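Here the structure comes first, spelled out in structure tokens, and everything after it is commentary.
The values are calculated or read from the model by the stated rules, or taken from the named source; none is laboratory data. All values derive from a computational prediction rather than experimental measurement. No Cβ is skipped: glycine too gets one built from the backbone with ideal geometry, and neighbour counts run over all protein chains shown. With ligands, DNA and RNA removed, areas are computed over all heavy atoms of the protein, side chains included. Shrake-Rupley method; radii C 1.70, N 1.55, O 1.52, S 1.80 Å.
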Amino acid sequence: MNKNKDISKDIRISVYGQGKMGLPLAQVMAQYYKVIGVDVNKNLVENLNKGINPIKDEPGLSELLAQNLKSKNYEATTDFSYASKNSNIHIILVPTLIKENKPDLSIVRDVAKKIINGLKKNDIIITECTMPPGSTEMLIPVLEESGLKYLAYFGLAHCPERTMTGTAIRDITGQYPKIIGAGDERTLKIVKEIYEKINNKGTIVMSSIVAAEMVKVFEGCYRDVNIALANELSYVCEKYKVNSEEIFKAANSQPYCHIHNPGYVGGHCIPYYPWFVIDENTELMRTARKINENVINTLIMDVIEGLNECNVAIRDSNILILGLTFRGDVYEFEHTPAKPFIEKLKKFNPKIYAYDPLCKEDDYKKFGVKFKNDFKNIDCVVILADHKEFKNLDLNLKNIKVIVDSRGVLDKEKIKDYGIVYKRL
Ligand SMILES: NC(=O)c1ccc[n+]([C@@H]2O[C@H](COP(=O)([O-])OP(=O)(O)OC[C@H]3O[C@@H](n4cnc5c(N)ncnc54)[C@H](O)[C@@H]3O)[C@@H](O)[C@H]2O)c1
């Protein structure tokens, strides 16, 4: 590669994938550079060019989009060749999936294949999507189909996205440093310059691309295993009939103890990443996955036992689920507990209703449940997502017999006053 050619004076960026991560990143970058947002979703691209922000739960995103369209620093397109030809930094931020517990990087490879139509000497390709260790470099043969040789003509880096919906702009601009791993010095210098410009916490330079990939995957594995431990310790607390919250809080007052909150692990990230590294020698992570998926069975048992305590058979009961999204105040259904929970609950034939302040009519249909936003005739309420609205529920209704609170949203003491059986995961 031409070491003397300094593209840092002429940085033009394409961000491939304008979803919950790609769009905020593109908007932050467009405050400093010319940015093209690329996506296969034609409707999304048309809306973005009209200034319509699809991610309403991302604070500040609508304003940035409006500013960047006005300054002409941002445009969206479905034309990959146009984007690739008109940029020299190519950031891939599309879904990396798991199929039958194995990574599926077909979308990333598809984007790489399209980038080669416009790949030029001195261009840099960055993967920001979460990648199994070693997989960014597996794109090299695909990119070399352009006829350009890796390192001699183009550079490669991995800079994992470490944020989540609702705090993406805050995190991208400086909640914690950006991890970067590059294949050569020139690429590292340019990539470092870009991320240091947008992130006021700077960068952590890793020794290799693989090392950078591991950082993000390990963050997810750490969370998953520790939540599994919290779930198991909660089970121990239940056996001894003590309040796990009280024990965890006291234990965590010691600086080496960080017991997490128990619960189901949902979303795009944590339930998937361990599968990027699990093999026959990683028993702990495999077991943690099993424990965390099993939370659904515990919740079902809580419903059955709670109703039994009130002499109500589950098949004769009316159950209201509060929250269908995977977490509070975010409109996202990826790996949501609501899906397996409802599927399992249906086997017992109760009448199932649901309410989620973020959901539309069609969403209830997808889950096969009826919309209901009151507690009339409801025997059991199950809280699955910690939407703010649920904190102040008016439970002053005589008919509710059981509440299963999987997120610890409600005040246990207050509920006792209503004579309701309260089960907290
Ligand atoms: N969502 C999160 O909280 C989060 C956090 C950190 C990292 N990540 C990682 O970021 C990556 C992207 O996640 P996301 O949440 O933005 O996903 P998303 O589903 O919100 O968005 C993905 C976008 O990619 C587009 N797309 C699909 N196929 C494409 C293709 N072939 N070419 C171009 N665009 C295509 C889709 O239309 C969509 O707009 C994943 O690897 C994920 O693991 C996500």
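Can you name the residue in the stretch 258-270 that is closer than 15 Å to residue 222 by Cβ and open to solvent by 30 Å² or more (accessible area, probe 1.4 Å) and, of all such residues, is nearest to the ligand (Cβ to nearest atom)?
If we take residues in the stretch 258-270 being closer than 15 Å to residue 222 by Cβ and open to solvent by 30 Å² or more (accessible area, probe 1.4 Å), then 269 is nearest to the ligand (Cβ to nearest atom).
Residue 276 passes all but one of (1) at pLDDT 95 or above; (2) open to solvent by less than 60 Å² (accessible area, probe 1.4 Å); (3) away from the ligand (no atom under 16 Å from the Cβ); which number fails?
The one condition residue 276 does not meet is (3).
Being over 19 Å from residue 174 (Cα atoms) and within 6 Å of the ligand (Cβ to nearest atom) is the filter here, so list the residues in the stretch 10-20 that pass it.
16, 17, 18, 19
Does residue 148 satisfy the condition of being farther than 24 Å from residue 27 by Cα, assigned to a helix (DSSP H, G or I), at pLDDT 95 or above and assigned by TED's automatic domain parsing to the domain that holds residue 21?
no
Answer yes or no: is there a residue in the stretch 118-125 that is open to solvent by 20 Å² or more (accessible area, probe 1.4 Å), within 25 Å of the chain's Cα centre (by Cα) and either closer than 23 Å to residue 157 by Cα or outside the structural domain of residue 147 (by TED's automatic domain parsing) (or both).
No, the conditions are met nowhere in the stretch 118-125.
Can you pull out every residue in the stretch 356-388 that is closer than 18 Å to residue 333 by Cβ and among the acidic types (Asp, Glu)?
Residues satisfying the conditions are 356, 361, 362, 363, 386.
Somewhere in the stretch 96-109, is a residue over 26 Å from the mean Cα position of the chain (by Cα), more than 12 Å from the ligand (Cβ to nearest atom) and not in a helix (DSSP H, G or I)? Steps first, answer last, please.
So the first thing to find is which residues in the stretch 96-109 are over 26 Å from the mean Cα position of the chain (by Cα), and the list is none.
No.
Tell me, which strands (runs of 3 or more DSSP E) wholly within the stretch 152-257 include 1 or more residues that are in the same structural domain as residue 25 (by TED's automatic domain parsing) and open to solvent by less than 20 Å² (accessible area, probe 1.4 Å)?
Correct list: 155-158, 178-182.
Looking at the stretch 134-150, which of the residues that are touching a helix residue (DSSP H, G or I) at 6+ places or on another chain (Cβ under 9 Å) and hydrophobic (A, V, I, L, M, F, W, C) is surrounded by the fewest Cβ atoms within 10 Å (Cβ to Cβ)?
138
Which of the residues that make up the stretch 84-95 are more than 10 Å from the ligand (Cβ to nearest atom) and open to solvent by less than 50 Å² (accessible area, probe 1.4 Å)?
Initial filter on the stretch 84-95 (more than 10 Å from the ligand (Cβ to nearest atom)): 84-91.
Listed by number, the residues that qualify are 84, 87, 88, 89, 90, 91.
Looking only at the stretch 21-51, which residues are assigned to a loop (DSSP other than H, G, I, E, B), within 14 Å of the ligand (Cβ to nearest atom) and touching a strand residue (DSSP E or B) at 6+ places or on another chain (Cβ under 9 Å)?
Residues of the stretch 21-51 that are assigned to a loop (DSSP other than H, G, I, E, B), as a first pass: 21, 30-33, 39-41, 50-51.
Those left that are additionally within 14 Å of the ligand (Cβ to nearest atom): 21, 39-41.
If the condition is that a residue be assigned to a loop (DSSP other than H, G, I, E, B), within 14 Å of the ligand (Cβ to nearest atom) and touching a strand residue (DSSP E or B) at 6+ places or on another chain (Cβ under 9 Å), then 39 is the only one that fits.
Hey, can you tell me all the residues within the stretch 122-141 that are farther than 14 Å from residue 184 by Cβ and either away from the ligand (no atom under 13 Å from the Cβ) or among the small types (Gly, Ala, Ser) (or both)? If you could, list the steps in order and put the result at the bottom.
Filtering the stretch 122-141 for residues farther than 14 Å from residue 184 by Cβ gives 127-135, 138-139, 141.
Scanning the stretch 122-141 gives 133, 134, 135, 138, 139, 141.
Pick from 297, 311: which is open to solvent by 30 Å² or more (accessible area, probe 1.4 Å) and on the phi > 0 side of the Ramachandran plot?
The match here is 311.
Give me the pairs, please: first residue somewhere in the stretch 89-107 and assigned by TED's automatic domain parsing to the domain that holds residue 13, second residue anywhere and acidic (Asp, Glu) and more than 9 Å from the ligand (Cβ to nearest atom), beta-carbon distance under 7 Å, and either six or more positions apart or on two chains.
From residues that are assigned by TED's automatic domain parsing to the domain that holds residue 13, the pairs are 90/123; 97/104; 98/104.
I'm trying to understand the selection: among the residues of the stretch 76-85, which are over 16 Å from residue 126 (Cα atoms) and either polar (S, T, N, Q) or in contact with a strand residue (DSSP E or B) (Cβ under 6 Å, 6 or more places away or on another chain) (or both)?
Of everything in the stretch 76-85, those that are over 16 Å from residue 126 (Cα atoms) and either polar (S, T, N, Q) or in contact with a strand residue (DSSP E or B) (Cβ under 6 Å, 6 or more places away or on another chain) (or both) turn out to be 76, 77, 78, 81.
Only one residue in 81, 71 is out of contact with any Cys (no Cβ under 8 Å at 6 or more places or on another chain) and open to solvent by less than 40 Å² (accessible area, probe 1.4 Å), so which one is that?
None of the other options fit; the residue is 81.
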